[in-house]
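Coordinate-derived values only; no laboratory data. Bear in mind that the values here come from a model prediction, so they are computed numbers and not experimental data. Don't worry about glycine lacking a Cβ; one is built from the backbone with ideal geometry, like all the others, and counts go over all protein chains shown.
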Amino acid sequence: MSTPIGPYTPVVRAGDWLVTSGQVGVRDGALVHGGTQDQLRQALDNLRGLLEAEGASLADVVKTTLFLRHLSDYQAANATYVAAFGDHRPARSAVGVADLPLNALVEIEAWAYVGRP
């Protein structure tokens, strides 16, 4: 799990919910080399680590927001996203943005439901 790059908490438990801060493709303190898919793969690994530390998994995610510096990377990001989530399809928004922390190409945040009915 990477150290936050700003004054925020990476994951917060709110009752039956886990809410994550946006994750970029940082590994060992630096943004990974490569394009959007490489960075998203690492960001998803970071997200997975946050959830697992709280006893959850990507299967518990019900909502994500994907921030892309280049909307032209939308299809490539979808391929990486599907590889991580498999048949599980959380609700999702995808937003084009002008810039991201560390000059990242992609960022992802998530809400996971961990309550048991």
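Using only DSSP helix segments of four residues or longer, with each worth -39500 (n - 2.57), what per-residue ellipticity at 222 nm results for the chain after dividing by its residue count and rounding to 500?
Rounded to the nearest 500, the figure is -8500 deg cm²/dmol.
Grab the other residues whose beta carbon is less than 13 angstrom from that of Val19, score K and R as +1, D and E as -1, and report the net.
Local charge sum for Val19: -2.
Calculate how many DSSP beta bridges within the chain are antiparallel, expressed in % of all such bridges and rounded to the nearest 5.
About 75 percent, rounded to the nearest 5.
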